[in-house]
Amino acid sequence: MQSSDKPSRILVIGGGFSGLTTAVDAAESGAEVIIVEKNSYLGGRVAQLNKYFPKMCPPVCGLEINFRRIKTNPGIQCYTMSEVTSVSGGPGNYDVTIQRHPRYVNDKCTACNACAEACPAMRANDFNFGMDKTKAAYLPFNQAFPQQYVIDAKACKKDCGTSCKEACVYGAIDLDMKVETVSLKVDSIVVATGWNPYDAAKIETLGSGKVPNAISNMQMERLAAPNGPTGGAINRPSDGKPVQKIAFVQCAGSRDENHLAFCSYICCMASLKQTLYIREKNPDAEVSIFYIDMRTPGRYEKFLNQVQADEKVSFIKGKVAKIKKTKSGDVTVTAEDMLSGDKVEKTFDMVVLATGMEPAGAAQQLPGVNYIEGFAAPGAGIFPTGCSRNPMDVSKSAQDATSAALKAIHAGKGR
Amino acid sequence: MDKKLALYICKGCSIGESIKLEKIETVSKNKMKVPVVRNHETLCGTEGIAMIKADIAAEGVNTLVLAACSGRVKYEEFDFPGCIVERVPVRELAVWSQEKTDAQQAAEDYIQMGIIKAQKGDMPEPYLMETVKDILVIGGGVAGMNAALQSANSGYKVVLVEKEASLGGFSAKLYKKIPTTLPFKEPLIVDVDLEPTIKSVESNENIKVFKSAKVEKIEGQPGQFDVTISSNGSSEVVKIGAVILAAGWKPYDATRLGHLGYGRFKNVVTQVELEEIAKKGAIARPSDGKPAKKVAFVQCAGQRDANHLPYCSAMCCAASLKQAKYVRQDPDAIAMILYKDMRTPGRTEYYYKEAQNDPGVMLTKADVSGVSEAPDGNLYVEMKDSLLGSSVKLEADLVVLATGMVPATADDPVLNLQYRQGPGLPDLELFNGFADSNFICFQYETRRTGVFAAGAVRQPMNMTEAQEDATGAALKAIQSAEHVAVGMSVHPRAWDLTFPDPMMTRCTSCKRCTEECPFGAIDEDEKGTPFFKPGRCRRCATCMGACPERIVSFKDYHVDMIGSMMKSTSIPDDEDEPRVFVICCENDAYPAIDTAALQKMKLDPAARFITLRCLGSMNLVWLADAFSRGVDGMLLMGCKFGDNYQCHFAKGSELANYRLGKVQETLDRLQLEADRVKLVEVAIDEYGKVPQMITDFVDKIKEIGPNPFKGM
């Protein structure tokens, strides 16, 4: 750490907010950092958020600063569309193999959009959770970093020939790109693989993902975002109708032994925030929030108070037992009001399921890393941070990731 | 540095088809005296870069004006170490966002401005001073001890100041703690086990511990703080590089909770008092020493309450679950937890689940309205809206109030900074007295450079979280000490080697810079003359914007530079064609404009964009300069201000707005309408709205009519 020391080499797996924070903080302390990100862009879940709670400020603002820190720091190297395939060795001496999946667009790309204009094929837009489509040659989103197009080979039309390649005057399209293997030597590893939204299809009581107007909270983020599928209009998916009556179903899959036994930390605050999205856009909209406990720890209480003061927002303490679609596309919610003991049945234009956060390790585990119920566990030179190790919000992730940076720097010192 | 300029114009991305280069090249060569002027089909391509590199090698070119795309892209390609690189976003501002008829003039203007910027700027040279890198940690609780150990183990000397006679802070007062590792199975209470940590702090040769001690004052600046520590009647001064404030918390004053029986009934105690009782042995009630058999825990006592603490202390729910286990060490005793919302976020939920499995622990949501006397020293807890009914009275033989955390900074600056701007951290009032950051993304962004808060003094948190937080703060403190030592700024301009260099001979001691610097980097000597403490500076250039004498400059950023750029811009001859400057912040407003351009949205042709480090650096002289030569309007785009401010220099756009309040005088003198200047708040995701905002402003200017100075 002292400036005279040989710099630590740190591998950061995951380029979401935690990984970025660890990377820039470590690099600004003199470490050499390699970020491996599976997506074609950096920013992770945060890039998909419309606003942060409780400040209601845009997450891309902080990302812009972190990207600038990357741009000005020669100590950081990024591999997007890449995955770690093997890890061996130990602290101070890890051998890591990563696989780089083909982007089919090289560094010559100027983001001029000519390839997308020429491309005849469409693909479901995963950035927007499939709620709209992009061309098969696409920029992940308008403020994506790196600002470099991607070609989704699976979506390519076999008969289109090479229209994207012909359209590109910079020679940026390389349809022959293959999977590449890169070997790295690092001193320590930070696991910042984040989380996935819990799959609503697994929750039978909440419609098994088959109620078109019951969307997840992450889909709601995209609906409300100016670069989302509707340009920020909160319209329900089935018929595009603007919503007037909306319900939030808290603990959708969280705090439930059959799904995620833990509390996902962010969903109460997220639903309150999304209530504000709706209420700020539509002064007549009515919002009902079904909850077990409102968990707004610390100074977040003020945010709860702010939403509670809105007379168009009602809070019902009770776990939702069932949701059902009606013929008109509306959604009926059945719950027990725990305070009165009464059964509540109400119909809404749209329902937002506050689906929880499943650690990335539940679906895919990294070689050389131990997991407990999908959460990454620390090892001698391995430091999980952010939501890969515990459910937490962005601010806690930022604290946690800064802490991980120091631990990772230390681990490289034993050489 | 002896500069040799070169201008490179890229013809790619439709630039070549939209603008005629000959005129620009001739003007640049002849009028602007740029010795090397070239163009290329694709400047960012291998050949283009090779051409530039060849000029650097053969021609000695070292100051490059790259008229191509925005500096937000192609940063790896256009990286020329040792050279000044000025990126002119011709693609975005003159081509993609303009109709073909307007592109040429825009390109000429922006390239000319870029050349002037390169001519007027210089290579940064760091401000180097004698520094130390030792870390001061204030507070010897879990957060402070951890911060000290982390810093010491990284090779830094640490001075730890603890106000009590022994280390340990609040944790030392605990009987038991919640296990720190999963799974949360029985036993649900474990020994606090602080001794090993205390020992490793006290025996660490890099850590010097002051006990029963206080920080009397902190003078100086990061890298050179003089910290006066008093302890047991004597005091000494130590040199410190960076400071970690881990002063912790104290319990809310329970005597203010008379309605919950505290102070009225002996058998109403606080959570903290219950720890003391438990440490002595079995849970005995204070009035008669009888073992407590029916203990009621009242959550949120004086919390989440506008009359007391408006916030939640985050750890009390789990603490009461733990204390219920103290009660349950007597198998005949029962615990009742009365909560508003059970807050055990994340995997603390497992702890809650485990507690629920104990039939001797009863949990219910309840709004406790009062505590009254029952026979035999017992108490009635009265509550509404509980799961047991709408109005219920429970009898207990001991009542425990979960009073919340009050940060040490709520009524004491603790740091005792000898800054003209005050002894404590600013903005505490926004955070209920907590020494928190205003930023979600940047938890250690502080308005007192080199001073980082950690643990419960910053946010309500539990012991484990406090340890992580302290480790993070240690890294930031180390980073700050290292950056100051090489004359480099810290976050958010952690690469910046420039510093404000005022020409003091022209200073009139008006004190505007000292008042406006958001970081307290400018103090005054006995005569009232300001002097800069570069270690505290964050390079926002608010001082440059504040100074009416225009004497504050950075090597690569100064009043004359921006003013000259403005003076070079074309003013259309046609009375119906206004010229408007849009002055924007580089972190939010400019990226929003850039994104609009990337999407090929059209930006009003009247607008010329000038990017500032921060709107706080906006000097009013630019308005006079621009208006006196015929510019019709000035639109300022900065970050949101107010309590939820988004400016990473805290007050930039707010100060610009404040200065605009005073600009009326200038406008009156020039006999111009006040509406010719306007500030709007723009967030980075408002790219969709920015074009219309600009057009609306231009329309307003058209309505007012041309600037009478036009053509003069």
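The values are calculated or read from the model by the stated rules, or taken from the named source; none is laboratory data. Please read all numbers here as calculations on a predicted model, not as lab measurements. Positions of Cβ are generated from backbone atoms using ideal geometry, with glycine treated the same way; all protein chains shown enter the neighbour counts.
Summary table
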item	result
Conditions (1) touching a helix residue (DSSP H, G or I) at 6+ places or on another chain (Cβ under 6 Å); (2) away from chain A (no Cβ under 13 Å); number of the one not met by B:I701	(1)
The one condition in (1) at positive phi; (2) part of a helix (DSSP H, G or I) that B:Y351 fails to fulfil	(1)
Scan of region A:180-234 for residues that are part of a strand (DSSP E or B) and farther than 21 Å from A:L353 by Cα, ordered by number	A:E180, A:T181, A:V182, A:S183, A:L184, A:K185, A:V186, A:S188, A:I189, A:V190, A:V191
Residues located in region A:277-291, provided they are closer than 17 Å to A:G232 by Cα and either crowded, with 21+ Cβ neighbours inside 10 Å or hydroxyl-bearing (S, T, Y) (or both)	A:Y277, A:I278
Answer from B:K384, B:K393 - the residue that is within 12 Å of chain A (Cβ to nearest Cβ) and either part of a helix (DSSP H, G or I) or surrounded by fewer than 22 Cβ atoms within 10 Å (Cβ to Cβ) (or both)	B:K384
So A:G62, is it in a helix (DSSP H, G or I), under 26 Å from A:P359 (Cβ atoms) and touching a strand residue (DSSP E or B) at 6+ places or on another chain (Cβ under 7 Å)	no
Scope region B:141-162; condition away from chain A (no Cβ under 12 Å) and within 19 Å of A:S403 (Cα to Cα); matching residues	B:G141, B:V142, B:G144, B:M145, B:A148, B:V158
Qualifying residue in region A:81-101 (condition: touching a Lys or Arg at 6+ places or on another chain (Cβ under 9 Å), facing another protein chain (nearest Cβ under 9 Å), in contact (Cβ under 8 Å) with a residue 40 or more places away in the chain and over 15 Å from A:K38 (Cβ atoms))	no
Considering residues of region B:1-32 that are touching a residue at least 12 places away in the same chain (Cβ under 8 Å) and among the basic types (K, R) only, the residue nearest to the other protein chains (Cβ to nearest Cβ)	B:K11
Residue count for region A:147-187, restricted to those that are within 14 Å of chain B (Cβ to nearest Cβ) and hydroxyl-bearing (S, T, Y)	2
Residues of region B:583-607 classified as out of contact with any helix residue (DSSP H, G or I) (no Cβ under 6 Å at 6 or more places or on another chain) and more than 14 Å from chain A (Cβ to nearest Cβ), total	2
The listed residue being more than 9 Å from chain A (Cβ to nearest Cβ), out of contact with any Phe, Trp or Tyr (no Cβ under 8 Å at 6 or more places or on another chain), surrounded by fewer than 24 Cβ atoms within 10 Å (Cβ to Cβ) and assigned to a helix (DSSP H, G or I), out of B:E429, B:E482	B:E429
Any hit, region A:304-312, residues being away from chain B (no Cβ under 14 Å), out of contact with any Leu (no Cβ under 9 Å at 6 or more places or on another chain) and not small (G, A, S)	yes
Cβ-Cβ under 7 Å pairs, at least 6 apart or on other chains, region A:10-30 side in a strand (DSSP E or B), far side crowded, with 24+ Cβ neighbours inside 10 Å and of a type in the set (D, E, K, R)	A:I10/A:D187
Condition broken by B:A306, with the remaining ones in (1) within 14 Å of another protein chain (Cβ to nearest Cβ); (2) within 27 Å of B:K185 (Cβ to Cβ) satisfied	(2)
Residues of region B:43-67 classified as buried (at least 23 other Cβ atoms within 10 Å of the Cβ) and within 9 Å of chain A (Cβ to nearest Cβ), total	1
Among (1) under 30 Å from B:L182 (Cα atoms); (2) among the β-branched types (V, I, T); (3) buried (at least 24 other Cβ atoms within 10 Å of the Cβ); (4) within 14 Å of chain A (Cβ to nearest Cβ), the one test that B:T446 misses	(1)
Yes/no for B:S234 being surrounded by fewer than 16 Cβ atoms within 10 Å (Cβ to Cβ) and farther than 29 Å from B:Q150 by Cα	no
Tally of residues being more than 11 Å from chain B (Cβ to nearest Cβ), buried (at least 24 other Cβ atoms within 10 Å of the Cβ) and out of contact with any helix residue (DSSP H, G or I) (no Cβ under 7 Å at 6 or more places or on another chain) across region A:373-410	2
Any hit, region B:357-374, residues being within 11 Å of chain A (Cβ to nearest Cβ), hydroxyl-bearing (S, T, Y), surrounded by fewer than 22 Cβ atoms within 10 Å (Cβ to Cβ) and in contact with a strand residue (DSSP E or B) (Cβ under 8 Å, 6 or more places away or on another chain)	yes
Pairs where the first residue, in region B:205-220, is within 16 Å of B:S234 (Cα to Cα) and the second is acidic (D, E), C-beta under 8 Å, 6+ apart	B:V209/B:E162; B:V209/B:E202; B:F210/B:E162; B:K211/B:E162; B:K211/B:E164; B:S212/B:E162; B:S212/B:E164; B:A213/B:E162
Among residues of region B:457-466, those that are more than 8 Å from chain A (Cβ to nearest Cβ) and either within 24 Å of B:F531 (Cβ to Cβ) or not in a loop (DSSP other than H, G, I, E, B) (or both), counted	4
Out of A:E28, A:E32, A:E64, sole residue that is more than 8 Å from chain B (Cβ to nearest Cβ) and modelled with pLDDT of 95 or more	A:E32
Condition broken by B:G528, with the remaining ones in (1) within 11 Å of another protein chain (Cβ to nearest Cβ); (2) of a type in the set (G, A, S); (3) part of a loop (DSSP other than H, G, I, E, B) satisfied	(1)
B:V137 being among the β-branched types (V, I, T), in a loop (DSSP other than H, G, I, E, B) and touching a residue at least 60 places away in the same chain (Cβ under 8 Å)	no
Test result for A:Q148, among the polar types (S, T, N, Q), within 27 Å of A:K71 (Cβ to Cβ) and out of contact with any helix residue (DSSP H, G or I) (no Cβ under 9 Å at 6 or more places or on another chain)	yes
Region B:502-516, residues that are without any contact (Cβ under 8 Å) to a residue 60 or more places away in the chain and either more than 23 Å from the chain's Cα centre (by Cα) or crowded, with 16+ Cβ neighbours inside 10 Å (or both)	B:P502, B:M503, B:M504, B:T505, B:R506, B:C507, B:T508, B:S509, B:C510, B:K511, B:R512, B:C513
Qualifying residue in region B:77-85 (condition: under 18 Å from B:P591 (Cα atoms), without any contact (Cβ under 8 Å) to a residue 40 or more places away in the chain and in contact with a helix residue (DSSP H, G or I) (Cβ under 8 Å, 6 or more places away or on another chain))	no
